[in-house]
There are 2 protein chains.
Amino acid sequence: MTENAPRPAAPARRPGGRTARTRAQVHDAVVAQLMEHGYDELTVDAVAARAGVHRTTVYRRWRDVGGLLADVLDAAGDDTWGPRDTGSLEGDLAALNDEVQAALTAEPPITLALIAASFRSDEAAQALKRFWGKRYTLCEEVVDRAVRRGELPAGTDARALLVAATAPMYHQLVFLRAVPDPGLPGQAARTAALAAAAGAFTAAR
Amino acid sequence: MTENAPRPAAPARRPGGRTARTRAQVHDAVVAQLMEHGYDELTVDAVAARAGVHRTTVYRRWRDVGGLLADVLDAAGDDTWGPRDTGSLEGDLAALNDEVQAALTAEPPITLALIAASFRSDEAAQALKRFWGKRYTLCEEVVDRAVRRGELPAGTDARALLVAATAPMYHQLVFLRAVPDPGLPGQAARTAALAAAAGAFTAAR
């Protein structure tokens, strides 16, 4: 382990060991500090104190607030999440949108706080982009299944379809600060599925 | 004019007169300060100095940074903007999306800075919501025209259609920090138009 590397990627050298435990404690502290006091009081010192980890360790491993947020987001993408298989494209997209709606309306609003933080830190913004990129890649399975079932033509642009299905959720709940509409996940899923069946994501642009 | 009102709505008492000029100077200063130094250095004192307006005037009329940002956004919605009429639903939506893409990729990135500020100030968030609400209401004309041309059935949910058409623009350019794709405005417009023609915004939810 190179102690003086300018920006260690915070690998868990021994999964489940002390390094991994420290990382989990620090991540929990980042989220708790962000939720309780907001970005303005999210400092390396506050996180170190809260996590019960020596501040030198935190500075060496994560350097600054951007590095801390990015690592929280990168860790969130290192899970075993996968899209549900409901048997139909519209059903799969609706299930996905239900999860998006749940995340964006959860209490405490951790997802919203991380999105807000991404407007303060370029490093968090890049990590959020990586997180969403991973999720969208995993969701391509939803489109592959629909193609295999004959619901969609081969050559459907999976990413464009998935963005069309999910973007209205983020738009309404984050940008337009709309009251959550329990019908929205299904409606946005149906819209994208109808557009896909009509060839919106296959023809030459 | 009630000098001691706790939160004047900053009306231009004499349009084109001194009050309106002061308001315009202050708005320009808010945007310039935000663009050059970011939200953290956006203070009433900095704005007053930059605008050449007495700080007492700014405090009395706008009270704080939230009031300043909200008034800039409210003024942005008080223009004569209207959606273009290209003769087809897909064309109108593509023209709208071209404007969204232009705003989100403009240099200097004023729209992005105001969106970012809306994550710092509840007042700015509410003003941005009002601004977008006005714009979407004006755009309902696009859907009305399509219904009159027989492109869409009466009873089409105009707002849902407009959000479906525009949300992928914001999603790609703001959340996913994607490289601007000149094909995206047309593709998102086409997707929404196809879904609308397939009945996505008319059937019971």
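The values are calculated or read from the model by the stated rules, or taken from the named source; none is laboratory data. Just so we're clear, the structure is a prediction, and the values are computed from it rather than from any experiment. A quick note on method: Cβ atoms are made from the backbone with ideal geometry, for glycine too, and the neighbour counts reach across all protein chains shown.
Quick notes
- Annotation note: of B:Leu69, B:Leu73, B:Leu34, B:Leu93, the sole residue that is touching a residue at least 40 places away in the same chain (Cβ under 8 Å), in contact with a Pro (Cβ under 9 Å, 6 or more places away or on another chain), crowded, with 18+ Cβ neighbours inside 10 Å and part of a helix (DSSP H, G or I) is B:Leu93.
- Only residues that are within 10 Å of chain A (Cβ to nearest Cβ) and assigned to a loop (DSSP other than H, G, I, E, B) were counted across the range B:119-134, and they come to 2.
- Restricting the range A:114-140 to residues that are surrounded by 15 or more Cβ atoms within 10 Å (Cβ to Cβ) and among the hydroxyl-bearing types (Ser, Thr, Tyr), the residue that is farthest from A:Thr166 (Cα to Cα) is A:Ser121.
- Condition check for A:Glu151: farther than 20 Å from A:Leu89 by Cα, of a type in the set (Asp, Glu) and surrounded by 15 or more Cβ atoms within 10 Å (Cβ to Cβ): no
So that you can scan it fast, the table gives a plain yes or no per residue for (1) under 19 Å from the mean Cα position of the chain (by Cα); (2) at pLDDT below 95; (3) β-branched (Val, Ile, Thr):
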| site | (1), (2), (3) |
| --- | --- |
| A:Val163 | yes, no, yes |
| A:Met169 | yes, no, no |
| A:Arg190 | no, no, no |
| A:Ala193 | no, no, no |
| A:Ala198 | no, yes, no |
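Yes or no, residue by residue, for (1) out of contact with any helix residue (DSSP H, G or I) (no Cβ under 9 Å at 6 or more places or on another chain); (2) free of Cβ contacts under 8 Å to residues at least 12 places away in the same chain; (3) in a loop (DSSP other than H, G, I, E, B):
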{"position": "B:Tyr136", "(1), (2), (3)": "no, no, no"}
{"position": "B:Asp144", "(1), (2), (3)": "no, no, no"}
{"position": "B:Pro153", "(1), (2), (3)": "no, no, yes"}
{"position": "B:Arg159", "(1), (2), (3)": "no, no, no"}
{"position": "B:Val163", "(1), (2), (3)": "no, no, no"}
{"position": "B:Gln172", "(1), (2), (3)": "no, no, no"}
{"position": "B:Ala178", "(1), (2), (3)": "no, yes, yes"}
{"position": "B:Ala195", "(1), (2), (3)": "no, no, no"}
{"position": "B:Thr202", "(1), (2), (3)": "no, no, yes"}
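- Among the residues of the range B:39-61, those that are in a helix (DSSP H, G or I) and more than 24 Å from A:Asp40 (Cβ to Cβ) comprise B:Ala51, B:Thr56, B:Thr57, B:Arg60, B:Arg61.
- Qualifying residue in the range B:161-171 (condition: touching a Lys or Arg at 6+ places or on another chain (Cβ under 7 Å) and within 10 Å of chain A (Cβ to nearest Cβ)): no
- Selection of the range A:172-196 for residues being out of contact with any Lys or Arg (no Cβ under 8 Å at 6 or more places or on another chain), over 14 Å from B:Pro168 (Cβ atoms) and facing chain B (nearest Cβ under 7 Å) yields A:Arg190, A:Leu194.
- Any hit, the range A:108-118, residues being part of a loop (DSSP other than H, G, I, E, B) and within 28 Å of B:Ala127 (Cβ to Cβ): yes
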